[in-house]
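The structure appears right after this line, and notes come after that.
The values are calculated or read from the model by the stated rules, or taken from the named source; none is laboratory data. On a predicted model such as this, the values are computed, not experimentally measured, just so you know. Note: accessible area is taken over every heavy atom of the protein model, side chains too, but ligands, DNA and RNA are not part of it. Shrake-Rupley method; radii C 1.70, N 1.55, O 1.52, S 1.80 Å.
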Amino acid sequence: MKYNKDIKEWTLDFAIAMIKLSFELKKNKIDFDTVDQVRRSGTSIGANVKEAKSSSSKKEQPSPILGVGL
């Protein structure tokens, strides 16, 4: 399957969407801890992808058999 976007673009778009969602939750007076967790978990995916792409050994690379292609 071929995608038009790179994983970095996907994660950036997702992080921006999570930040916007957290602002909406905050406006609706949702619990601060919940809003904070949504923001932290939604924006951490970019760091996880960056770390996975910078792995140094073949053993650390994600398996294409599992369908995890970075």
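Observations on the structure shown:
- Couplings 3J(HN,Hα) of region 7-18, computed from phi: 4, 5, 5, 4, 5, 5, 4, 5, 4, 5, 4, 5 Hz, in residue order, whole Hz [Karplus 6.51 cos²θ - 1.76 cosθ + 1.60, θ = phi - 60°; x for Gly and Pro].
- Here the extension length gained between Trp10 and Phe23 equals 2.7 nm, from 0.36 nm per residue of separation less the Cα-Cα distance.
- The 1.4 Å probe gives accessible areas that order Glu51, Glu9, largest first, as Glu51, Glu9.
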